[in-house]
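Note sheet for the following structure.
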Amino acid sequence: MSKILTVFAVMLLTSSLASAAVNQLINLYTEEYPPWNYTSGQAVIGLNTKLIRQALIQSELQGHFLVIPWGRAQRLTQAEQYSCFYSAVRTAEREEIYQWIGPLSREYVQLFSLNPEVLPFYALAAAKDFVIGGQTEDAYTDYVAQQGLRVERVAEIPTNLSMLQLGRIDLWLAGSVGGPYIAAKKGLQLFPVATSETLFELWLACNKQMPQQIIEQLNRSIKAIKQAELDTLEEKADKSLPAW
């Protein structure tokens, strides 16, 4: 009888702990990097933000979204158990620091010019004679710097676009989706002059002590949402085909 009561007590405690984890508010840190994540008025929106919000609802979890400097987002995620940051590149250096949910989206790294007469380079490393604008504590910037290029780092992404306009940098490094989108919002056209061979995945990176139950549930939800979107696209494509 005592053994049965002990087992029941353990099950009850486990259930209570799981329930507490599910009801815990999760801080979700991000930066201004449209179209993936950015602010509109007081709201945090974007394609990756939308995907995460849908996953939270499907998983019956609560999230609090905050836009802050990128470096601070990473430090807070490492310090707070119930916290994550996005859209984060999953690298070997970061792999063991966080738990990973996703991928949310993908893009290449490109070097951009405002001058259409700048000839494209055959590889990133060929731009070694140019001053390139990058970001502090950023995986894309680290990747470009590892190619032996001269990179000037700033804290915020939009600052580089202003520096490019002023001629303080020759080229701006950014994602193949994010860079042109940000420029278009400012009425500017970018011209890509070099593209990475690597296609980078963007993830939701969470604190190592986040309960495994939450990580697994969010990963299942993300996968299910993306599969449903793919099924919808395939259904639309099938309907557009002519009937023979």
Helix 157-166 vs. the chain, principal-axis angle (Cα, 0 to 90°, nearest 10): 10
If amide H atoms are modeled at 1.01 Å from N in the peptide plane, then the residues at a separation of 5 or more from ARG90, or on another chain, having amide H under 5 Å from its own are GLU201, TRP203
Report the convex hull volume per residue for segment 112-244, counting only C-alpha atoms, in Å³. 183
On the full set of protein chains, 1.4 Å probe, figure out the accessible area of ARG153 and give it in Å² to the nearest 10. 100
So how exposed is TYR108, as accessible area in Å² (1.4 Å probe, rounded to 10)? 90
Span per principal axis, largest first, for the Cα atoms of segment 35-89 (Å): 26, 25, 23
Helix axis angle, 212-240 relative to the chain longest principal axis, alpha carbon, degrees: 60
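Roughly speaking, what is the stretch gain from THR136 to LYS223, that is 0.36 nm per residue apart minus the C-alpha to C-alpha distance, in nm to one decimal? Each step should come with its number before you reach the end.
Numbers: separation 87, 0.36 × 87 = 31.32 nm, distance 3.09 nm.
Extending this stretch completely gives an extra 28.2 nm.
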With label points built 7 Å along Cα→Cβ from the Cα atoms of ASP129 and GLN165, find their separation and express it in nm. 2.9
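Taking 25 °C and 0.890 mPa s as the conditions, I'd like the Stokes-Einstein D for segment 60-161 in µm²/s, using the Kirkwood hydrodynamic radius from alpha carbon pairs.
On the way: Rh = 15.8 Å.
Result for D is 155 µm²/s.
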Percent of all alpha-carbon pairs of the chain at distances over 32 Å, whole number, is 33
Rounded to the nearest 10 degrees, what's the angle between the helix 2-23 long axis and the longest principal axis of the chain, both from Cα atoms, 0 to 90? 30
Return the carbon/sulfur percentage of the accessible area of the chain, one whole number, probe 1.4 Å, all protein chains in place. 55
From the helices alone, meaning DSSP H stretches of at least four residues, give me the mean residue ellipticity at 222 nm for the chain, per-run term -39500 (n - 2.57), in deg cm²/dmol to the nearest 500. -13000 deg cm²/dmol
If I take every Cα pair under 8 Å that is 6 or more residues apart in the chain, average their sequence separation and divide by the length, what percent do I get for the relative contact order? 27
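The values are calculated or read from the model by the stated rules, or taken from the named source; none is laboratory data. Not measured: the values here are computed from a predicted model. Neighbour counts are summed over all protein chains in view; Cβ atoms, including those assigned to glycine, are modelled from backbone coordinates with ideal geometry. The accessibility values were calculated without ligands, DNA or RNA, using every heavy atom of the protein model including side chains. Shrake-Rupley method; radii C 1.70, N 1.55, O 1.52, S 1.80 Å.
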